[in-house]
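Down below is the structure, laid out as structure tokens.
The values are calculated or read from the model by the stated rules, or taken from the named source; none is laboratory data. These numbers come from a predicted model, not from an experiment. Cβ atoms come from the backbone with ideal geometry, glycine included; neighbour counts cover every protein chain shown.
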Amino acid sequence: MAARPAVAGPAAGAPRPAGGIRFDEVSVAYGGTTVLDRLDLTVEPGEVVALLGPSGSGKTTALRAVAGFVRPAAGRVLIGGEDVTDLPPHRRGIGMVVQSYALFPHLRVEQNVAFGLKAQKAPRREIPGRVAEALEMTGMAGYARRYPRELSGGQQQRVAIARALAIRPRVLLLDEPLSALDAQLRSGMLAELARLHRELPDVSILYVTHDQIEALTLADRIAVMDKARLRDVGTPQELYRRPRTEFTASFVGNANLLPVTVTDGGARLDGTELTLDTGDALPGAAATLCLRPHLVGLGEGPNTLRGRITEVQWRGATHRLYVDVGGHRVMADVRELREAPAPDEPVALHFAPEDGVLLAAGVSDG
């Protein structure tokens with residue numbers, strides 16, 4: 001039998017308390033090993049925050065701390081301004097969706113969706129309407145009488161989301177909810193989750209993923225995590241266009257990270273002078289130049305880099321060129337070429353001064 005799903009919520013008919021999540025210096029340890037280190041983060045009511053990071057970064061532990069499945073070794077968890085650190089999961093007013101769906105195989109769709117309502121002892125007369133509402137919201141109204149085995153993976157995930165929404169939670173926790181789906185289904189479900197977000201403006205959503213595209217597409221803000229700590233937080237646009245650290249630059253999208261020396265008018269890559277905004281960096285300081293591959297053009301122009309092709313990958317609408325520039329690998333994503341350059345062929349690349357981001361050397365990722 002599938003694992004018992006996490007469902008909880010306020011009493012039926014009662015006004016839903018305000019949402020919002022607050023991690024107040026939350027730490028979690030297992031057997032003396034810290035797996036979440038002093039997390040300080042707020043998810044505003046109605047906001048979608050994605051916890052993005054590699055495996056073992058602490059993002060799922062953070063979500064489980066909100067759900068009440070792990071007890072912080074230090075710090076507090078608040079939902080809607082209420083300290084829930086010591087409350088059991090069923091009293092936290094949360095809905096949760098996990099990657100394995102956790103549907104009961106012996107129950108029909110409508111029975112699966114009603115499970116949480118029955119667990120919170122909702123009035124029996126309200127349950128059919130709440131189930132129908134949740135199924136309609138997720139596009140599954142026509143499948144109420146089917147069993148999970150009669151559904152596709154994407155449809156099963158919609159049922160899991162409907163079950164979480166039926167209790168009208170103030171907080172919705174999504175733990176890698178799309179990782180078991182193929183690329184096409186994942187794209188469709190992302191669009192559905194974005195639509196649900198628009199239709200549920202009061203629900204705070206904490207979304208755990210290691211997939212950059214999911215985070216960039218869905219989140220209002222992204223919290224980047226690594227090695228149990230929060231490394232950076234900001235809007236998708238901020239983190240992608242102006243990352244603060246090398247880790248953020250490399251994990252939120254693809255990036256060329258090139259060691260340079262700051263000059264009066266920009267930076268120097270080996271013997272090549274480049275023009276860009278240096279901010280407060282002092283001339284002579286070591287720094288890292290961040291260049292997104294799609295902002296690197298083929299041919300001469302402002303800030304020309306010269307090198308030799310090492311590899312060419314056709315990606316449908318684009319070619320990705322890998323170029324050796326003085327021993328540094330530079331990626332350039334250019335529109336599909338009728339004749340792509342051959343390996344070892346000399347090429348020139350360029351980028352606009354405003355597209356280069358200077359990351360100061362020694363900036364802490366912590």
| query | Taking VAL252, is it at pLDDT 95 or above and either crowded, with 20+ Cβ neighbours inside 10 Å or in contact with a helix residue (DSSP H, G or I) (Cβ under 9 Å, 6 or more places away or on another chain) (or both)? | reply | no
| message | Within region 233-247, take every residue that is farther than 17 Å from HIS294 by Cα and in contact (Cβ under 8 Å) with a residue 40 or more places away in the chain and give me the one that is surrounded by the fewest Cβ atoms within 10 Å (Cβ to Cβ). | response | GLU246
| said: What's the total number of residues in region 311-357 that are over 30 Å from THR278 (Cα atoms) and not basic (Lys, Arg)? | reply: 17
| request: Can you work out which of the residues in region 210-243 that are part of a strand (DSSP E or B) and closer than 19 Å to VAL66 by Cβ is nearest to the chain's Cα centre (by Cα)? | output: ILE222
| Residues of region 133-191 satisfying the condition of being at pLDDT 85 or above, outside any helix (DSSP H, G or I) and among the charged types (D, E, K, R) | ARG145, ARG146, ARG168, ARG170, ASP175, GLU176
| field | Members of region 34-47 that are in a strand (DSSP E or B), under 13 Å from ILE79 (Cβ atoms) and touching a Ser or Thr at 6+ places or on another chain (Cβ under 7 Å) | value | VAL43
| From the list ALA114, ALA50, which one is crowded, with 19+ Cβ neighbours inside 10 Å, in a strand (DSSP E or B) and either among the small types (Gly, Ala, Ser) or free of Cβ contacts under 8 Å to residues at least 24 places away in the same chain (or both)? | ALA50
| Top-ranked residue of region 194-209 - restricted to ones that are charged (D, E, K, R) and part of a helix (DSSP H, G or I), ranked as surrounded by the fewest Cβ atoms within 10 Å (Cβ to Cβ) | ARG198
| query | Out of all the residues in region 311-348, which are surrounded by fewer than 14 Cβ atoms within 10 Å (Cβ to Cβ) and among the polar types (S, T, N, Q)? | reply | GLN313
| note | Subset of region 349-360, residues surrounded by 15 or more Cβ atoms within 10 Å (Cβ to Cβ) and either under 30 Å from the mean Cα position of the chain (by Cα) or among the hydroxyl-bearing types (Ser, Thr, Tyr) (or both), comes to PHE351, ASP355, GLY356, VAL357, LEU358, LEU359, ALA360
| remark: By residue number, the members of region 60-75 that are surrounded by 15 or more Cβ atoms within 10 Å (Cβ to Cβ) and not in a loop (DSSP other than H, G, I, E, B) are THR60, THR61, ALA62, LEU63, ARG64, ALA65, VAL66, ALA67, GLY75
| remark: (1) more than 20 Å from the chain's Cα centre (by Cα); (2) modelled with pLDDT of 85 or more all hold for ALA6 apart from (2)
